[in-house]
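**Student:** The structure that follows is given in the form of structure tokens.
Every read-out reported here was derived from the displayed coordinates using simple, explicitly stated rules and does not represent laboratory data. Just so it is clear, the model here is predicted, and its values are computed rather than measured. No Cβ is skipped: glycine too gets one built from the backbone with ideal geometry, and neighbour counts run over all protein chains shown.
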Amino acid sequence: MKKHHVSGILAAVICAAVLAYVFLWPHSLYDIAWLGVGRGEAETVRIQERVAGEDPLTIDVTLPIADSSAFLDVMRDASAHFLLPGRQTVFHGNSYWVMLGNQQVRSEVAISEQGRISQQSPGGRRWGEGTFRIAKKDQERIWSLCEAWTDPNGKYPGLAFLREFFTIGKGGRSEFVDVQAPDGVYGVDAIETLHSGIKPYMTERGFENVLLGRSLYNLEYLCKQKGENWLCGCIEVSPASEPGYFFYRIGLVEETSGHPWNYWFTGNYSVSEDGLVDEFYIDLKGAAWVAE
């Protein structure tokens, strides 16, 4: 009888210790995002910004390997506590989805502007499905880092250029485009004026090549054939195997048609040591027009 009593006390102590570990002990953000899912260590970081409100723009960037490693170190140093079941809440407002991966598996978590992190693929996780509150000392650092990588004027090379290039009709530049006569209607001065917005984001060589190829004019021409009022809905960027080179995919929305993701464009670019776009290619012939 005494043995059963001791066993019961021991079981209660173990249970209490497990609950204290889950609910009270701080866990690293890296463990929350990866532990129990991944084989080996995470190697890549992909960040997607989801903005609440009328602006439809989604920025989705995969960090270069060295920058992914630095971001993972920040996640390892940051901590969070599991929220009690009664305090699990649905996210409101802006959030970031942070996706970790290696060659075998992927895992993702959502981070809210209220300082909460939620597992989005809980299968196999040590703590199952749940929401954690990030420690105050770490929240601002994590949020600022995500913001720095997804802000068009932030750390990601070429992102500001893409935002400028794919803002259709910006500064009245579509006025230079005549859908009835696309080739050679305007002189060099008009073409340079149309392209002037992208010049601060490019090297001199890169800008001259884009100018000669009239790629921005041709983009504006294609879009003007389909409609007049365009928004950039999605920018996705990922590094190529060679340092300084990147792939991109852009989704454009024509507001008046009511069809989401009307036009998809893909291409690649490279940047100089100071982060300016030095080479740029857009696959205009392979653009995907999606009308539902």
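**Student:** Taking R0 as 35 Å, what FRET efficiency do you get between LEU284 and ALA70 from their Cβ-Cβ distance, rounded to the nearest 0.05?
**Tutor:** After rounding, the FRET efficiency stands at 0.45.
**Student:** So, one more: Which whole-Hz ³J(HN,Hα) couplings does region 158-169 yield from phi under the Karplus relation 6.51 cos²θ - 1.76 cosθ + 1.60, θ = phi - 60°, glycine and proline marked x?
**Tutor:** Here the 3J(HN,Hα) series is x, 5, 5, 4, 4, 4, 5, 4, 9, 8, 4, x Hz.
**Student:** Here is a follow-up. Taking a ≥ b ≥ c as the square roots of the Cα gyration tensor eigenvalues, with a/c under 1.5 meaning rounded and otherwise prolate when a/b beats b/c, else oblate, which class fits region 190-273?
**Tutor:** Note, shape of region 190-273 comes out oblate.
**Student:** Suppose R0 equals 30 Å. What FRET efficiency, 1/(1 + (r/R0)^6) with r the Cβ-Cβ distance, do GLU242 and VAL179 give to the nearest 0.05?
**Tutor:** Computed FRET efficiency for GLU242 and VAL179 comes out at 0.20.
**Student:** Another question, then. Taking 7 Å along the Cα-to-C-beta vector as the label spot, tell me the ASN94-GLU140 distance in nanometres, rounded to one decimal.
**Tutor:** Placing both labels 7 Å along Cα→Cβ, they lie 1.6 nm apart.
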